[in-house]
Every structure is written in structure tokens, then in C-alpha cells.
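Read-outs: derived from the displayed coordinates by stated rules, not from any lab. It should be emphasised that the depicted structure is a prediction, and the values quoted were computed from it without experimental measurement. So basically every Cβ, Gly included, is an ideal-geometry build from the backbone, and we count neighbours across all protein chains shown.
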Amino acid sequence: MIQIRDLLIRRGKIDALRVDSLDIRRGETLAVVGPNGAGKSTLLLALAHLIKPARGMITFHNTSLGEWDDVKYRRMIAFVFQDPLLMDLSVRENIGLGLKFRGLEGQEIMTRVNKWAKTMGLASLLNRRAGQLSGGEAQRVSLARAFVLGPELLLMDEPFSAVDPPTRAQLLKDLSRLLSRDHRTTVFVTHNLLEAAQMGDRVAVVIGGELKQVGTPRQIKSRPSDASVRAFLRELPY
Amino acid sequence: MSFDREVIQITLLSLQVSGIATTASLLLGLPFGTWLALGDFRGRSFILSIINTGMALPPVVVGLVVAMSLWRSGPLGDLRLIYTPWAIVLAQTIIAAPVVTGLTAAALESLDPRLQQQLLGLGASRIQMILHLWREARLPLLAALMAGFGSVISEVGASMMVGGNIRGQTRVLTTAIVLETSKGEFERALALSALLLILTYLINLALTWIQQRGVKR
């Protein structure tokens, strides 16, 4: 579904990310793991075509992102950031925001928002303002806002790093259930190795601005590609 | 002071001239300030520094430059605008536009920069993104509007120089106050000052009400 070849992303004058080759298969969850500042978020921004590569290409359905109309492409994907970044609107309006951008009718928006609010345990909060939510509730709204779009590709950038551990565990469980139910193609960025092993069908290890290795957690643990990967993966629970 | 016909005419002209100038400065300053805030191009800081300097433009200097441009021998002399209300509108727009532009840019720059990426990531077109950023920044944007209006309703130098303070044609509240003071009619000048303050207060009260309507505490 997605192919990355010979990719180089520059942020200013710095080479922020190099990926020689990476394929993301339809329906899989790819967990991208690595230390802080390794280039994981850069990979997601490049996949959303929010930053453009200095070299190489990313293709979606065999067409380079450079050839896609940006808005058309982004209406097939959804992005969940580390912070919920909700607008100063009600929960209902926040969840329906992407649908509104896509020009859907009010009734259709309401039906889909209600469905996902129920799924995410937000039904009783629909009329509440975003500013009145707890961290966990806000992140649930952020997830619902992405899932309601029915995206072909879901990009998640450390979505639970800002919530407390019990809420984080519950959200991970809920997300894991949704992803395995829907088989939605997902790229899930985390710096937590346990989370990566739990969520990902495969794990991609990014260290020092370079994609080092891709495989199942067990494969990577048993045959790390180099010393940096071996050192980083020492904490993997396998 | 009796609330005579002349005072009503002066008051209405003040509101019309400053209202049109504020609207014009909003139409110029909102898109320009947005472009400066969201843009990433060479020279951006330089343009922002010019705009910020423009926020402190002395009205009398603006009045002088606009008057010289509108004189019959000036580059815009053929427009025959000098000593008309439109000349005052032009000068006041030049005074207010940098205020609205600079404060618009500051308002949008104060938002979380990731909000742009989030909106685009949700499938917003560029116009949809900008409209939502304006909505998020509506409190400081309304403050920009109030500051723009405040800068023109209270200025006297430019109105005097390009309008000429002609009775029944270009006399506005501030120029009338100056005239009454110079004539020694302090009671009338004070009454006009009180009227100007009350009008300014009422307009800002309305704008503050709109601004604070959506704020939940």
C-alpha cells in the first residue's frame, strides 16, 4: 500500500531521516520505535505529506505523494498527534471536524459522530467544551476524530504519552481492540518498546535519523541489524 | 451644550469615517497578517519589523504624507480627494492597517504551531485551515480590531491635515475639540470630549461582549 524508497528528509540543514526501503502492507500495524529525537515523528509527517522529502519518494497506491493532490490525499488518511490538539469547540464538533472538511451533510456527520462517541465512551460528553475534558477524555476525542473518518491509513504519533499510566493502559487496550477488529493500516510511533511490541504486527527501529531494521519484535530481538539496535532493544520483553 | 444638529452631524461623520477606515484596515490587515504569521520565506522578519514600526506611526506624519500626495500637484492629485471625508478615510486606514496586521500576525503566531498540521492532517484545505485558525485566535483578533478602531477614532493630526476641519464637510469630533479649545470654548470642547469617550466606550463594550461571549470560565 505504501512504499518508501531512498528517502531523505531534511529539517533545515540537518538530515533528519533516511529510509532506504520500507513497505507498509494493507491492514498491518507498523510500530515505529526509537529514542527521542530519532526521526520517528518526521517519518509520520512525511507519510502525511506535511513535510516534503529532499530526495527519494513515498508512494501510496503506486502513485508518488508528490503527484497526489495534497488535500485529496490527506482526506484518505488521519493523523493523531501526541497532544490531542482539540479546537475550542464542543466534543461533538471536534469529532465531526474532519467530516465537515470533507463536505459531508449534517445528518451524516451526526450519525457517524454518535457511533464513534459511543465506541470511545464519549456519548455523555458530546456537548462538553474541549477545554473541560481530562487528558484521557481529550485523547479519546482525538482518537474518535481520526477513526470517524474511516481512513485508509492511520498515523499516530505517541498518542498516549501525555496521559497517566492507568488511562494509558486502558486507551492502549481500546486501540488494540479497534485496530485488530478493523484491520486498519496503521503506523504507530512510540518510544516505548513494550507498547511497540504490544501494538505492532511489525516493528520499525529508527535510531539517529535512520531506519535501522524492520521485522517482528521476535525477529529483531534475535537478529538485530547492528550494535545500536541491539543496545536499544535490550528492554524488549522477548 | 445643546445636542444640536451640527454635533449630530460631526458625530455621525466621525463614526462613518473611522468605521470605514477600520473595516478597510481589517480587510487589508487580516489577510496580510495571516500571510506573515503562516509564511516561511526570506525577508519575513524584516517585513514584520516594518509592520511593527508602522504600528507606532505618528498620525500627523501620515497626514502630512497623504496630504502632499493628494494636493493638486501630488501624485494622487487627480483624484481630487484632499479636504474630503475620503481623504480622512485614506489617512486613517494607513494608520490602522499596520496595527491590525501586526496584532493579527502576533495572534496567529501565539497559537500552537502544530495546530496547522493537525488541521491539514484532518483533511482541511488551506482556506478551511485559516478559517479555523482565525476562530481559535478570535479573542486576540478582536483585540486587534479594537486597537485599530481606537487608533483612528482618537487621532486628530491626520484628520486635520487631510480633511481641513471644514464645517459641515470634514469636521470630526477630534478636530472639533481642537477647534473649540483654540477658541477658548472649553465647556463645548469638554462636552465633545465626553461624547467621544462615551461613543468609544460603547463600541468597545459591544466588541468586548462579542469577544468574551465564547469564553468559558
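Here are a few things to note about the model shown:
- In terms of its alpha-carbon gyration tensor, the range A:14-70 comes out oblate; a/c meets the 1.5 threshold, while b/c is at least as large as a/b.
- Under a model in which nothing but the beta-carbon of Lys, Arg (+1) and Asp, Glu (-1) is charged, the range B:16-167 shows a dipole of about 180 debye around its Cα centre.
- Each of B:L111, B:G74, B:P98 was placed along the dipole of the range B:1-123 (beta-carbon charges, centred on the mean Cα), and the one lying farthest toward the positive end is B:G74.
- In a simple Cβ point-charge model (Lys, Arg +1; Asp, Glu -1; nothing else charged), the range A:1-156 has a dipole of about 160 debye relative to its Cα centre.
- Among the trypsin sites (Lys or Arg not before Pro) within the range B:160-201, those in coil by DSSP and having at most 10 neighbouring Cβ atoms inside 10 Å are B:K183.
- Over 21 Å between alpha carbons, listed pairs A:K72/A:K115; A:K72/A:K118; A:K13/A:K40; A:K40/A:K221; A:K100/A:K173: A:K72/A:K115; A:K72/A:K118; A:K100/A:K173
- Exposed trypsin sites (Lys or Arg not before Pro) absent - longest run of chain A, DSSP non-H/G/I/E/B, at most 12 other C-beta within 10 Å: A:27-238
- Pair B:L205, B:L27: separation of 7 Å Cα→Cβ label points (nm): 3.0
- Ranking of A:D88, A:D174, A:D69, A:D157 by count of other Cβ atoms within 10 Å, fewest first: A:D69, A:D174, A:D88, A:D157
- When the Gaussian network model of chain B links Cα atoms closer than 10 Å, the mean-square fluctuations of B:T11, B:T53, B:T170 top out at B:T53.
- Here the residues A:S124, B:S25, ranked from fewest to most Cβ neighbours within 10 Å of their Cβ, fall in the order A:S124, B:S25.
- Calculated [θ] (222 nm, deg cm²/dmol) that DSSP helices of n ≥ 4 give over chain A, each run adding -39,500 (n - 2.57): -10000 deg cm²/dmol
- Placing +1 on each Lys and Arg Cβ and -1 on each Asp and Glu Cβ, with no other charges, gives the protein assembly as shown a dipole about its Cα centre of roughly 1060 debye.
- Neighbourhood net charge (13 Å Cβ-Cβ; Lys/Arg +1, Asp/Glu -1) for A:D70: +3
- Subtracting the Cα-Cα distance of A:Q3 and A:R181 from their residue separation scaled by 0.36 nm leaves 61.6 nm.
- Cα gyration tensor category, rounded, prolate or oblate, for the range A:128-204 with a/c compared to 1.5: oblate
- Here's the picture: charge each Lys and Arg Cβ at +1 and each Asp and Glu Cβ at -1 in the protein assembly as shown, and of A:A48, A:S176, B:V172 the one pushed furthest to the positive end of that dipole is A:S176.
- Percent antiparallel among DSSP beta bridges (both partners in the protein assembly as shown, rounded to 5): 55
- Of the trypsin sites (Lys or Arg not before Pro) in the range B:70-135, those whose Cβ has at most 16 other Cβ within 10 Å and which sit in DSSP loop: B:R72, B:R80
- Anisotropy class of the range B:16-167 from Cα gyration tensor, a/c 1.5 cut: prolate
- Environment charge at B:L115 (Cβ cut-off 12 Å; Lys +1, Arg +1, Asp -1, Glu -1): -3
- Neighbour count of at most 10 Cβ within 10 Å plus DSSP loop: longest GluC sites (Glu not before Pro)-free window in chain A: A:106-238
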